[in-house]
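A quick write-up on the structure given underneath.
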Amino acid sequence: MIHRKIELLAPAKNLLCGIEAINHGADAVYIGAPLFSARFSAGNSIEDIEQLVKYSHQYYAKVYVALNTILKEEELPVANKIIWQLYEAGIDALIIQDMAILEMDIPPIALHASTQMDNRMPDKVGFLENSGFSQVILARELSLSQIEGIAKQTNVSLEFFIHGALCVCYSGQCYLSHAFSGRSANRGECAQYCRLRYTLQDDLGKILVKDKHLLSLKDLNHSDNLEKLLDAGISSLKIEGRLKELSYVKNITAYYRKQLDKIFERRLEYQPSSSGNCSYTFTPCPEKSFNRGFTDYFLKGRKKEIPSLDTPKSTGEYIGKLKELTPKYLKIFTTFALNNGDGLCFFNKEGTLEGFRVNRVEKGKVFPAEMPDILIGTPLYRNYDNNFEKILSSQSAVRKISVIFSLKIEKENLVLQVVDSDGNQCEVTTFYKKELARTNQLEEIKSRLSKVGNTIFEVEKIHIEFQEDLFIPASLLAELRRKVLELLQTTREMSYFRKKTKTQNLKGKYIEDKLTYRGNVSNSKARQFYVNRGVLQIDDAFEINPLEHVPLMFSKYCLKYQLGYCPKMKENQLSGKNWYLSSNQVQLKLEFDCEKCEMKVYKNA
């Protein structure tokens with residue numbers, strides 16, 4: 001049977017998040033570089049990244065670093081220096097967007113193509129593979145059949161998002177934030193205009209939708225689609241969230257670890273790409289962490305449950321409806337056990353999400369800190385589970401690598417051998433003068449050897465390879481155990497293999513001979529990269545030369561379809577040719593490419 005290594009890839013805002021992602025079952029983590037990360041506020045020092053590398057590699061887990069913004073000319077030398085520092089810190093791969101990096105003098109480090117490169121088509125993914133990328137992060141908008149098609153036409157490892165926030169625009173193709181605020185999404189500074197409340201009207205002045213978050217999407221959740229994604233060709237399953245809090249990383253990583261392990265028990269051709277078994281002090285539940293409601297997006301085709309129209313904030317888990325309201329307390333129709341300190345929320349009379357804190361719960365009565373203005377029958381949600389968060393605020397998972405001990409006597413020596421679950425084998429020997437015991441010491445010997453303490457190991461089996469009832473001092477057993485596990489730890493560190501890849505500086509032709517502002521070329525080295533590959537016309541990135549009257553967003557999500565005005569569906573008669581979105585901050589014009597099933601967003605002059 002051919003085995004395929006599968007990677008659960010978790011986010012790390014910082015060193016602590018990265019360590020806990022590993023503890024909770026991640027096979028790899030991705031973390032922001034000191035500069036030039038697509039999450040501007042999630043940079044990390046080289047020293048912290050090096051610590052994370054050392055911790056992760058104990059479990060044969062990998063560390064990827066995101067240096068995935070487009071780069072200005074003056075930033076190229078700094079980026080080059082950081083890449084060398086990251087390589088020397090031992091990272092396993094660099095996630096990039098700017099092709100300038102392929103024209104630099106970089107170390108033999110594996111490169112992953114960021115989803116910001118807009119990786120949707122087989123020919124694009126094939127080009128990236130031929131350019132030396134070892135992993136390509138696919139666009140979230142792809143369907144299962146499209147993923148399968150890419151996998152069949154390429155050999156590169158494919159990565160796909162399985163959980164977390166969704167952008168309404170194709171990654172790397174959004175210029176809305178920069179156009180209105182000078183904050184570029186491609187530079188990690190998105191102002192998130194997509195999360196605003198908008199009113200939609202046509203060019204005849206007819207209001208189609210009033211004051212809704214029309215461009216704000218629910219959060220991604222592919223927990224029911226994991227096996228289908230593996231079968232389609234995905235090898236790296238990615239959780240979004242480099243700005244998320246620690247409890248989110250713990251909960252969501254543990255949840256998907258357990259889901260994948262269930263699949264691996266049935267599908268032996270799939271195996272985790274790292275080592276160790278995790279145990280948890282809690283039951284993972286994705287609804288208890290930040291979410292705007294869940295969708296599987298376009299994986300199984302176009303559908304209408306994608307947007308989060310009422311709020312861009314987290315609603316958490318639905319718990320029931322309001323049953324009774326008094327001046328001091330309220331009662332809820334619910335099967336959930338509510339706790340003192342919980343955070344509850346609801347949509348008020350104006351349709352705005354409103355929350356309140358629970359002071360105490362007593363005999364089914366909920367006493368809020370402040371009584372909300374709420375109607376009987378209103379649906380209620382819990383977006384902060386106090387007891388759950390308390391559990392996650394302390395040690396909530398332990399990850400251990402299984403070992404087997406063998407204790408034997410060779411001449412006048414006592415020998416302790418250990419083999420771990422990856423086949424690493426070590427032994428230590430010490431002089432031992434045989435001393436018969438008065439009683440059988442077998443269980444006592446096993447008990448003392450099994451006490452591995454605060455190490456990364458757990459004892460699966462102990463073989464005693466002698467028949468005599470021997471007395472072996474507890475101190476001698478402890479010393480042998482300590483030495484052999486220290487040796488095993490060193491052996492694991494030395495045996496860790498970091499793949500070194502010199503990116504191919506090919507001169508093969510790019511898939512297009514013209515690049516518009518959507519090519520995101522912001523420096524001379526990126527320009528040279530495309531010139532070397534036959535591109536005849538290369539426009540500056542929008543951040544270098546902001547253009548007027550060009551689309552600022554390209555989206556597979558379509559408001560015509562969402563509201564029942566899609567010409568292909570023929571549900572409602574369309575009134576007015578053009579549609580407009582307006583908020584207190586921005587005015588937008590919509591254009592629909594029905595042949596491609598895409599929506600474009602312009603700045604409305």
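The values are calculated or read from the model by the stated rules, or taken from the named source; none is laboratory data. This structure is a prediction, so every number in the text was calculated from the model and none was measured. FYI the Cβ positions are ideal-geometry reconstructions off the backbone, even for glycines, and counts take in every protein chain you see. For accessibility, only protein heavy atoms count, side chains too; no ligands or nucleic acids. Shrake-Rupley method; radii C 1.70, N 1.55, O 1.52, S 1.80 Å.
Here are the numbers for this structure:
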quantity: Options I106, I101; residue that is closer than 21 Å to K62 by Cβ, assigned to a loop (DSSP other than H, G, I, E, B), aliphatic (A, V, I, L, M) and open to solvent by less than 30 Å² (accessible area, probe 1.4 Å); calculated: I106
quantity: Filter result (assigned to a helix (DSSP H, G or I) and either touching an Asp or Glu at 6+ places or on another chain (Cβ under 6 Å) or open to solvent by less than 50 Å² (accessible area, probe 1.4 Å) (or both)) within segment 448-469; calculated: L449
quantity: First in segment 236-248 and within 10 Å of F290 (Cα to Cα), second anywhere and assigned to a loop (DSSP other than H, G, I, E, B) and hydrophobic (A, V, I, L, M, F, W, C), Cβ under 7 Å, 6 or more apart; calculated: K244/F290; Y248/F290
quantity: The lone exception for T154 - which of (1) surrounded by fewer than 22 Cβ atoms within 10 Å (Cβ to Cβ); (2) in contact (Cβ under 8 Å) with a residue 40 or more places away in the chain; (3) of a type in the set (S, T, N, Q); (4) touching a helix residue (DSSP H, G or I) at 6+ places or on another chain (Cβ under 8 Å) it fails; calculated: (2)
quantity: Residue ranges of strands (runs of 3 or more DSSP E) in segment 505-605 with at least 1 members aliphatic (A, V, I, L, M) and farther than 28 Å from I207 by Cβ; calculated: none
quantity: Subset of segment 207-246 that is farther than 22 Å from A66 by Cβ and among the basic types (K, R) - its residue that is least open to solvent (accessible area, probe 1.4 Å); calculated: K218
quantity: Conditions (1) under 26 Å from E75 (Cβ atoms); (2) surrounded by fewer than 20 Cβ atoms within 10 Å (Cβ to Cβ); number of the one not met by E591; calculated: (1)
quantity: Filtered residue count, segment 375-422, keeping only those that are open to solvent by less than 20 Å² (accessible area, probe 1.4 Å), assigned to a strand (DSSP E or B) and either among the aromatic types (F, W, Y) or under 30 Å from G355 (Cα atoms) (or both); calculated: 3
quantity: In segment 305-323, residue farthest from the chain's Cα centre (by Cα) [restricted to those that are closer than 23 Å to P284 by Cβ and either open to solvent by 60 Å² or more (accessible area, probe 1.4 Å) or among the acidic types (D, E) (or both)]; calculated: Y318
quantity: Residue that is modelled with the lowest pLDDT, among those in segment 491-504 that are open to solvent by less than 60 Å² (accessible area, probe 1.4 Å) and assigned to a helix (DSSP H, G or I); calculated: S495
quantity: Number of the exception - E148 against (1) open to solvent by less than 20 Å² (accessible area, probe 1.4 Å); (2) assigned to a helix (DSSP H, G or I); (3) touching a helix residue (DSSP H, G or I) at 6+ places or on another chain (Cβ under 6 Å); calculated: (1)
quantity: Residue match in segment 200-215 (condition: acidic (D, E) and at positive phi); calculated: yes
quantity: Positions within segment 324-372 being exposed (fewer than 14 other Cβ atoms within 10 Å of the Cβ) and either free of Cβ contacts under 8 Å to residues at least 40 places away in the same chain or of a type in the set (K, R) (or both), in sequence order; calculated: T326, K328, F333, T335, A337, K349, E350, E362, K363, G364, A369, E370
quantity: Close pairs from segment 452-473: first closer than 15 Å to V415 by Cα, partner hydroxyl-bearing (S, T, Y) and open to solvent by 50 Å² or more (accessible area, probe 1.4 Å), Cβ under 8 Å, at least 6 apart; calculated: I462/S450
quantity: Condition met for L476 (in contact (Cβ under 8 Å) with a residue 12 or more places away in the chain, open to solvent by less than 60 Å² (accessible area, probe 1.4 Å) and not β-branched (V, I, T)); calculated: yes
quantity: Checklist (1) open to solvent by 20 Å² or more (accessible area, probe 1.4 Å); (2) over 15 Å from A113 (Cβ atoms); (3) assigned to a loop (DSSP other than H, G, I, E, B) applied to V168, failing item; calculated: (1)
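Results for (1) farther than 16 Å from P122 by Cβ; (2) small (G, A, S), shown as yes or no for each residue.
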| position | (1), (2) |
| --- | --- |
| L144 | no, no |
| C167 | yes, no |
| S184 | yes, yes |
| E189 | yes, no |
